[in-house]
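**Q** Okay, handing you the structure first.
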Amino acid sequence: KFYNSKFLRRLCDMWDHRGSGICNFHGSTGDVIFIGTTTDQLEPTFFDLSHQFDMDLGGSGSNLRTPACCMGKARCEWSCLDTQAICYDLTMTYQDELHRPAFPYKFKFKISGCPNNCVAAIARSCTSIIGTWRDQIRIDQKAVQAYIGGEIAPNAGAFSDRDWGPFDIQKEVIDLCPSGCMWMDGNELKIDDRECTRCMHCINVMPSALRPGVDCGATILNGAKAPILEG
Ligand code: SF4
Ligand code: SF4
């Protein structure tokens, strides 16, 4: 289901042979975009990709764009949805629209398994499907103490190339909660889940201590896109 470096090398060799050798990976338009060739190489490229590489060829014109999703439950423990099943279902259901302009211009579906929204669905699609939960964030209080005591590296060890000093749960987690719904009660971390906006910040910083809830579903957003940084 997931490609490996050997497969990518074969793809690059094919494109060196048939086109410019320049590719764009995981851009807005598709998963792998081959840029620049001569007209007589277009059909052979399609033939190679569909017959020798067994690849799914999407659409990139004024039609429904190939639906895209994060890897979801296949590899990510935070996924609240089976993103790939949804993506596959949408692709099969609207197969004809991938090639004919029945949808509005460049219509896009994108699916993320949790509010980390790794496919940037809100910024990049017309219908975003984003996994969420409606019960409580699961807290492992022992692991919270292990973070506080420095036994577990915050952010799963990211940013460890610099010495940021000892982990400060107040400064790095509680004070950065956008809805201010976290606090320490003695040695226990508390969350008022009714106020939690599912921003994922605390979970991202302390992934061994906090996990999304178990009563999962999706937030579906239809309509205008929102920029990633501002607006
Ligand atoms: S969006 Fe969430 S579930 Fe999907 S890969 Fe990113 S962190 Fe994992
Ligand atoms: S997910 Fe975000 S809003 Fe919810 S408790 Fe954690 S930091 Fe606060």
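**Q** Limited to segment 117-133, what total is found for residues that are away from ligand 1 (no atom under 16 Å from the Cβ) and modelled with pLDDT of 95 or more?
**A** 0
**Q** Now, a different point. Any idea which of Ala156, Ala146, Ala85 is under 13 Å from Ala218 (Cβ atoms) and in a helix (DSSP H, G or I)?
**A** Values: Ala156 fails: under 13 Å from Ala218 (Cβ atoms); Ala146 fails: under 13 Å from Ala218 (Cβ atoms).
Just one listed residue meets the conditions, Ala85.
**Q** What is the residue count in segment 159-174 for residues that are of a type outside the set (Ser, Thr, Tyr), outside any helix (DSSP H, G or I) and under 26 Å from the mean Cα position of the chain (by Cα)? Walk me through it before giving the result.
**A** Within segment 159-174, the subset of a type outside the set (Ser, Thr, Tyr) is 159, 161-174.
Still in the list and also outside any helix (DSSP H, G or I): 159, 161-168, 173.
Still in the running and under 26 Å from the mean Cα position of the chain (by Cα): 159, 161, 173.
Of the residues in segment 159-174, 3 are of a type outside the set (Ser, Thr, Tyr), outside any helix (DSSP H, G or I) and under 26 Å from the mean Cα position of the chain (by Cα).
**Q** If you don't mind, there's one more thing I want to ask. Could you check segment 123-139 and list, in sequence order, the residues that are under 17 Å from Val205 (Cα atoms) and surrounded by 15 or more Cβ atoms within 10 Å (Cβ to Cβ)? Let's see the steps before the verdict.
**A** Step one: list which residues in segment 123-139 are under 17 Å from Val205 (Cα atoms), which gives 137-139.
Within segment 123-139, Ile137, Ile139 meet the criteria.
**Q** May I ask you to list the residues in segment 35-83 that are touching an Asp or Glu at 6+ places or on another chain (Cβ under 8 Å), modelled with pLDDT of 85 or more and under 21 Å from Glu97 (Cβ atoms)?
**A** Of everything in segment 35-83, just one residue is touching an Asp or Glu at 6+ places or on another chain (Cβ under 8 Å), modelled with pLDDT of 85 or more and under 21 Å from Glu97 (Cβ atoms), namely Ala68.
**Q** Filter segment 175-227 down to the residues that are in a loop (DSSP other than H, G, I, E, B), under 22 Å from Cys80 (Cα atoms) and either hydroxyl-bearing (Ser, Thr, Tyr) or more than 10 Å from ligand 2 (Cβ to nearest atom) (or both) and list them by number.
**A** Ser179, Arg194, Thr197, Pro207, Ser208, Ala209, Gly213, Val214, Asp215, listed by residue number.
The values are calculated or read from the model by the stated rules, or taken from the named source; none is laboratory data. The structure displayed is predicted, hence computed values, not measured ones. Ideal geometry is used to build each Cβ from the backbone, glycine not excepted, and the neighbour counts take in all protein chains shown.
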